[in-house]
Amino acid sequence: MSVTPDDWLNEARHHADCCEEIGLRTAVSRGYYAGYHRALEVSLLCPNPPPAPDKNEGVHAYLIRRFKSAPTKGFAGSTLAREIGARLAQSRALRVMADYELSKTVRTNDARSSIHCAEKIDKLAKELAQKHTRLSRIEQSKRESGDADQEPG
């Protein structure tokens with residue numbers, strides 16, 4: 001059985017109103033992964049980022065950097081991509097706290113913030129995919145019209 005970003009998000013929502021901190025930590029973590037996997041689905045629509053400043057950069061940091069470094073010129077989805085990167089970075093910071101910083105208290109607003117980031121990433125990723133699809137259709141139409149205008153050789 002496959003798991004989807006929506007499944008991760010539903011699991012986060014399920015734990016968000018938990019009165020125990022472990023449930024809130026779970027909500028934060030699941031919220032992050034909902035956003036991460038949704039962003040990953042559209043990541044190849046973004047141009048490759050510049051070389052990493054840190055040779056030991058992990059896959060999560062790379063994905064965030066890929067979105068945050070989307071060029072402002074020549075890439076129609078730049079604003080959407082950069083916002084996805086910012087939201088993912090915000091959510092990742094919460095997840096790191098929830099998963100690794102056990103001496104810190106995770107509160108209900110942290111869980112809600114993580115879920116809100118995931119919901120926003122979901123919306124932005126869908127907009128980015130739609131924009132890419134529209135632009136692809138326009139390019140295809142231009143190619144087809146250009147081919148139709150040429151005389152047979």
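Output the number of residues of region 30-80 satisfying the condition of being among the hydroxyl-bearing types (S, T, Y) and assigned to a loop (DSSP other than H, G, I, E, B). Give the steps one after another, and end with the answer.
First, pick out the residues of region 30-80 that are among the hydroxyl-bearing types (S, T, Y): 32-33, 36, 43, 62, 69, 72, 78-79.
So of that shortlist, the ones also assigned to a loop (DSSP other than H, G, I, E, B) come out as 69, 72.
So the answer is 2.
Can you say whether A52 is of a type in the set (A, V, I, L, M, F, W, C) and under 17 Å from the mean Cα position of the chain (by Cα), as far as the supplied structure shows? When the stated conditions are applied, A52 does not pass them. Within the set T79, T72, the sole residue that is among the polar types (S, T, N, Q) and modelled with pLDDT of 95 or more turns out to be T79. Here A34 meets each of (1) crowded, with 22+ Cβ neighbours inside 10 Å; (2) hydrophobic (A, V, I, L, M, F, W, C); (3) out of contact with any Phe, Trp or Tyr (no Cβ under 7 Å at 6 or more places or on another chain); (4) in contact (Cβ under 8 Å) with a residue 40 or more places away in the chain with one exception, condition (3).
Looking across region 85-96, just one residue is crowded, with 18+ Cβ neighbours inside 10 Å and either at pLDDT below 95 or over 19 Å from A12 (Cα atoms) (or both), and that is G85. Mind listing just one residue for me: the one in region 2-29 that is in a loop (DSSP other than H, G, I, E, B) and polar (S, T, N, Q) and, of those, nearest to N109 (Cα to Cα)? Ranking the qualifying residues of region 2-29, first place goes to T4. Taking the criterion of being closer than 26 Å to G23 by Cα and in contact with a Pro (Cβ under 9 Å, 6 or more places away or on another chain), the only residue of region 40-97 that qualifies is L40.
Remark: pairs (first residue in region 1-15, farther than 11 Å from R112 by Cα and surrounded by 12 or more Cβ atoms within 10 Å (Cβ to Cβ); second residue modelled with pLDDT of 95 or more and aromatic (F, W, Y); Cβ separation under 7 Å; 6+ apart in sequence or on different chains) = W8/Y33. Does at least one position in region 97-118 carry a residue that is at pLDDT below 85, outside any helix (DSSP H, G or I) and of a type in the set (G, A, S)? No, every residue in region 97-118 fails to be at pLDDT below 85, outside any helix (DSSP H, G or I) and of a type in the set (G, A, S). Restricting attention to region 1-15, which residues are of a type in the set (G, A, S) and modelled with pLDDT of 95 or more? Selection gives A12 alone.
Restricting R66, R92 to residues that are within 15 Å of K120 (Cα to Cα), in contact with a helix residue (DSSP H, G or I) (Cβ under 9 Å, 6 or more places away or on another chain) and of a type in the set (K, R) narrows the list to R92.
The single condition among (1) modelled with pLDDT under 70; (2) assigned to a helix (DSSP H, G or I) that E151 does not meet is (2).
The values are calculated or read from the model by the stated rules, or taken from the named source; none is laboratory data. As the structure is a prediction and not an experimental result, all values here were calculated from the model. Cβ: placed from backbone, ideal geometry, glycine included. Neighbour counts: every protein chain shown.
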